[in-house]
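So the structure is just underneath, and the comments pick up after that.
Each value in this text was obtained by applying a stated rule to the coordinates, not by laboratory testing. Since the model is a prediction, treat every value here as computed from it, not as a measurement. Backbone-built Cβ (ideal geometry, glycine too); neighbour counts: all protein chains shown.
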Amino acid sequence: MIEILDAEQLAQAEVTGRLVGDILQTLRERCAVGTNLLDVDRWAKELILGAGATSCYVDYAPSFGRGPFGHYICTSVNDAVLHGRPHDAQLADGDLLSLDLAVTLGGVAADAAISFVVGEARPPRSLAMIDATERALAAGIAVAGPGARVGDISHAIGEVLTAAGYAVNLQFGGHGIGSTMHQDPHVANAGRRGRGYRLRPGLLLALEPWVMADTAELVTDSDGWTLRSATGCRTAHTEHTIAITDDGARVLTRPGRCTADG
Ligand code: MF3
Ligand code: CO
């Protein structure tokens, strides 16, 4: 199903989106060498419930996972790239951490992810990989105006990832979002211009480029949820929820957004 939001829902989407951006920023600031992933999950729970929001994850039981996720945030470290299940492990200097968070507030969901390196180390290839996903996301947002097609976004994302030297996996990608987290249309991280659903004002999309350093193949962890690179290489993932407006795309999940310019 594809939802087109009305003005009231779009105003709520701004509020939900900013909350997601703010929580991710807070968690990023708290994550340090020695932080336990279970603490990150507990902080996420406190911040979500403290804001009067509900988690889109805790009871989520899709076909690509094993039973309800049972946690409030995805914590994917190094070779883990998507759906990283928080567990009893401490962050080390130079770890590449991806945090992915979706909540519902006032009946509207928002979904975002950030990747960053923990501590003082500055591993160049990890930083380059994060940068590629951020540039791919920006390229997808730049073409996501009314009248454009989903394939235009996929193409723009895929061009950046491919030019940066990464093979694109098409098993998981972006998606429509609205009253629930995962809706149509699917937004693959590579594709052909001019194809697919035509974007309309009021549509919310979560765009989420992700890559693995030297492979496009995923393996599922024995926890039944965490998706890792098949080769054990590092990975990165960046995501924003955007709203299609008459003027173009508006990013909803930036932290601390308090101006109207997105
Ligand atoms: N937020 C993820 C996405 O970007 C989905 C995570 S589902 C979970 O689509 F259950 F693993 F949390
Ligand atoms: Co998403």
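Quick notes
- Label-point separation in nm, Arg28 to Thr54, each point 7 Å along Cα→Cβ: 2.9 nm
- Relative contact order, percent, the chain [alpha-carbon distance under 8 Å, six or more residues apart]: 25 percent
- Three semi-axes describe the equivalent ellipsoid of region 144-262; taken as square roots of 5 times the Cα gyration tensor eigenvalues and ordered largest first, they are 26, 17, 14 Å.
- Theoretical gain in end-to-end length, Arg198 to Glu46 [0.36 nm per residue, Cα-Cα removed]: 50.9 nm
- Between Asp221 and Ala11, the contour length at 0.36 nm per residue exceeds the Cα-Cα span by 71.7 nm.
- Separation between Cα centres of region 69-109 and region 155-190, rounded to whole Å: 19 Å
- Both the radius of gyration and Dmax for region 1-45 are 15.1, 45 Å, in that order, over alpha-carbon atoms.
- Sequence ranges 27-35, 177-185, ranked by mean other-Cβ count within 10 angstrom, highest first: 177-185, 27-35
- Translational diffusion coefficient (Stokes-Einstein; Kirkwood radius from C-alpha pairs) of region 47-191 at 25 °C, 0.890 mPa s, in µm²/s: 147 µm²/s
- Placing a label point 7 Å from the Cα of Met1 along the Cα-to-Cβ direction, the residues of region 166-197 whose backbone N falls under 15 Å from that point are 176-185.
- D (Stokes-Einstein, µm²/s), Kirkwood Cα radius, region 7-251, 0.890 mPa s at 25 °C: 138 µm²/s
- Distance between the 7 Å Cα→Cβ label points at Arg66 and Asp214: 2.8 nm.
- The label-point distance for Glu120 and Ala230, in a model that sets each label 7 Å from Cα toward Cβ, rounds to 3.9 nm.
- Residue-by-residue Karplus 3J(HN,Hα) for region 77-90, coefficients 6.51, -1.76, 1.60, Hz, glycine and proline x: 10, 6, 6, 7, 10, 9, 6, x, 7, x, 8, 6, 8, 9
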